[in-house]
1. Calculate the spin-label point distance for residue 161 paired with residue 103, positioning each point 7 Å from the Cα along the beta-carbon direction, and give it in nanometres.
2. What FRET efficiency, computed as 1/(1 + (r/R0)^6) with R0 = 25 Å and r the Cβ-Cβ distance, is obtained for residue 94 and residue 32, rounded to the nearest 0.05?
3. With a/c under 1.5 counting as rounded, go ahead and sort the stretch 99-156 into rounded, prolate or oblate using the C-alpha gyration tensor (a ≥ b ≥ c being the square roots of the eigenvalues; past the cut-off, prolate if a/b is larger than b/c, else oblate).
Amino acid sequence: MTALSEPSAHEPDPLHGRFVVVPAAYVFLLRDGSRGTEVLLQLRRGTGYMDDHWAAAAAGHVERGETAYAAAHREAREELGIDGLDLTFVTAMQRTAHDLPIDERVDFFFTARTWTGEPRVVEQDKAADLRWWPLDALPDPVVPHEAAVLRGIRSGTSTPYSTFGFDEED
């Protein structure tokens, strides 16, 4: 690898010896339901990561040159076919799985209560279902770090910065 080539997320950057953190943006659509606040979740399928777990209805990697806010809008359009989201920032979560550098992540979580269009599964090969769930009666299983954020949303205890998977939390 030359100094001008780009490091992958799996190997250290040769210019400074550090790994590359993978950023992602998540959107939790919320609405008022008969049992209180509800969240729209998708059942993951065919992705190779947390398949058969319920997860944010729209989420994905932040692309080069893109803000997390723009990525959240793009993912909602690509995965749910909706636009015009009024996003509210919830937390930036630093997380780790203690394995490869690819497991070092920074996730940006947003909620939205208004949008344009009817949410639907657009990427049929990545989602088996899409359903509204009461925040106080989530399905099982939910992707663990997303479940932590949903608990904070439900209880009103979310903080601008959060962590997941580090030893001091275990």
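1. Simple spin-label model gives 2.3 nm for this pair.
2. So, using R0 = 25 Å, E works out to roughly 0.20.
3. oblate
Read the figures in this text as sums done on the coordinates, not as results from a lab. All values reported here derive from a predicted model rather than from experimental measurement. All Cβ positions, even for glycine, are placed from backbone atoms using ideal geometry, and neighbour counts span all protein chains on display.
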